[in-house]
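Remarks on the structure that follows.
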Amino acid sequence: MPETVKVIELTGNSSESWEDAAENALEDAEETLENISGIEVMSQTAEVDGGSIEQYRTTLHVSFVLNR
């Protein structure tokens, strides 16, 4: 039986790193979505204050299989 996959976009935040921001987004997605099958990092940005990174942001596409 063919599967249908839905893709949503999420942006995670962290004061530590872009990787941590991605992990935070995935952890939040796992709380409400079932059957997550993959992620794709779309962008990495940061909020800067006084020449230092204050907040890392990673935008992901999260894929999950729809239940039938």
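Okay, here's what the table says:
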quantity: Residue selected from the stretch 1-22 under the condition more than 8 Å from the chain's Cα centre (by Cα) and charged (D, E, K, R), by the criterion surrounded by the fewest Cβ atoms within 10 Å (Cβ to Cβ); calculated: 3
quantity: Subset of the stretch 5-36 [touching a Leu at 6+ places or on another chain (Cβ under 9 Å), outside any strand (DSSP E or B) and charged (D, E, K, R)]; calculated: 28
quantity: Residue within the stretch 44-58 that is out of contact with any helix residue (DSSP H, G or I) (no Cβ under 8 Å at 6 or more places or on another chain) and within 24 Å of residue 5 (Cα to Cα) present; calculated: no
quantity: Condition check for residue 59: without any contact (Cβ under 8 Å) to a residue 24 or more places away in the chain, within 15 Å of the chain's Cα centre (by Cα) and at negative phi; calculated: no
quantity: Candidates 34, 27, 19 - the one that is within 15 Å of residue 63 (Cα to Cα) and modelled with pLDDT of 95 or more; calculated: 27
quantity: Members of the stretch 23-36 that are surrounded by 12 or more Cβ atoms within 10 Å (Cβ to Cβ) and touching a Phe, Trp or Tyr at 6+ places or on another chain (Cβ under 9 Å); calculated: 29, 33, 35, 36
quantity: Restricting the stretch 37-68 to residues that are of a type outside the set (Lys, Arg) and outside any strand (DSSP E or B), the residue that is surrounded by the most Cβ atoms within 10 Å (Cβ to Cβ); calculated: 66
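The values are calculated or read from the model by the stated rules, or taken from the named source; none is laboratory data. The model shown is predicted, which means the values in this text are computed figures rather than measured ones. For neighbour counting, all protein chains shown are included, and Cβ atoms are generated from backbone atoms with ideal geometry for every residue, glycine included.
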